[in-house]
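Values in this text are rule-based calculations from the coordinates and carry no lab data. Every value quoted in this text rests on a predicted model; they were computed, and no experiment measured them. Using ideal geometry, Cβ is built from the backbone for each residue, glycine included, and neighbour counts are taken over all protein chains shown.
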Amino acid sequence: MKIRILPSSEIDSQKWNDCIQRYAMDIYNEYHFLNAVCLDHWFGFVWGDYEKILPFYQKKKWGLIPYICMPPFCQKFDNKALSAGEWQEALTYMKSNNLTIDYAVVENKDNESWEIRKNYVLNKNGKTFEELKANFSSLVQKNLKRANSELCLNLELPHPGLEGLLDRLSMFQSLVLDKFAPNFWKLKVDFLNYCYATDNQTNQAIAILMYAKFSKKVYLLFPYTTEEGKKKQAMSFLINALVEDDTIEIIDFEGSSIDSIANFYAQFGAVEQEYWAIHWKKSYFSY
């Protein structure tokens, strides 16, 4: 199939997303999600009449030198549908037109020097909440007993106890959103959900969990817990609420390179999955 490289503004969003649905790809590949998390235009490899697709995010250092990086809030891109030849075609193009490549994909389809990364996913597989809860670690089950008696789950804004917590997120807003993903809040229309925990005694919010929902799968984009929330196991309390939600079939914890966080996710029965990242730099001495 013939390949085209298109800027996002020239991509047929309906055909692109039809391909996403056809191959059951993650939200990171979805057209409107990418528009929200990318600062500038992103690009897409398109094979045939959108029979297969693959996005990439190209930026320019000093406004001149092109390089490829992963957009904020995107863990990896889904290249499962591509043949080894199609993937090589895409990678060759990226190497030929960029100084550096930092890129993560679902599958390693060549002999490149890839870094293995870990993801953590809880697939409910039709199990009841009680069956899923039985797979929680004994520590999580113990912590939840305390949290359930001391905390209240909230899903709606505004809340008088949330103001102080949002003030603590000003750095997240200014350094992460304003600088790297100024369109992030557009996700609220189609994808962005949140829940937060308040202390029953003080009515103050002590933890918030922002997550994207795509079909019946959720992706934990931004969990934040205050010091008081950590003492009261507020994040365990919020994750437990997602496990209990019947409208959610899969929880993607998005992985972590920090062992303590990875172990925390695993205690909810999440299964470890591998994905792959490449860090490549053009060498002019090879010519």
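When a footprinting reagent is the concern and you count Cβ atoms within 10 Å, what order do Phe136, Phe129 take, fewest first?
With the fewest neighbours first, Phe136, Phe129 line up as Phe129, Phe136.
So if the hydrodynamic radius of region 118-163 is defined as the Kirkwood radius over C-alpha pairs, what does Stokes-Einstein give as its diffusion coefficient at 4 °C and 1.567 mPa s, in µm² per second?
96 µm²/s
Give the share of C-alpha pairs in each 5 angstrom bin for region 145-194, from 0 to the last occupied bin, in whole percents, shortest bins first.
Once binned at 5 Å, the Cα pair distances of region 145-194 give 4, 15, 17, 23, 21, 10, 7, 3, 0.
How big is the Kirkwood radius of region 120-274, worked out from every pair of different alpha carbons and given in Å to one decimal?
Roughly 16.2 Å, rounded to one decimal.
State, as an integer percentage, the relative contact order of the chain based on alpha-carbon contacts under 8 Å between residues 6 or more apart.
Normalised by residue count, the contact order of the chain is 23 percent.
Using only the C-alpha atoms of region 3-112, find the volume of their convex hull and express it per residue in Å³.
Normalising the Cα hull of region 3-112 by residue number yields 98 Å³.
With the alpha-carbon atoms as the only input, what is the per residue convex hull volume for the chain in Å³?
148 Å³
Rounded, prolate or oblate: which fits region 56-112, taking a ≥ b ≥ c as square roots of the Cα gyration tensor eigenvalues, rounded meaning a/c under 1.5, else prolate when a/b beats b/c?
It comes out oblate by the Cα gyration axes.
Would region 67-195 count as rounded, prolate or oblate if I go by the C-alpha gyration tensor, calling it rounded below 1.5 in a/c and otherwise prolate when a/b exceeds b/c, oblate otherwise?
oblate
Fewest first, what order do Ser215, Ser137, Ser257 take by the number of other Cβ atoms within 10 Å?
Fewest-to-most Cβ neighbours within 10 Å comes out as Ser257, Ser215, Ser137.
In what order do Phe45, Phe237 fall by count of nearby beta-carbon atoms within 10 Å, going from fewest to most?
Least crowded to most crowded, the residues run Phe45, Phe237.
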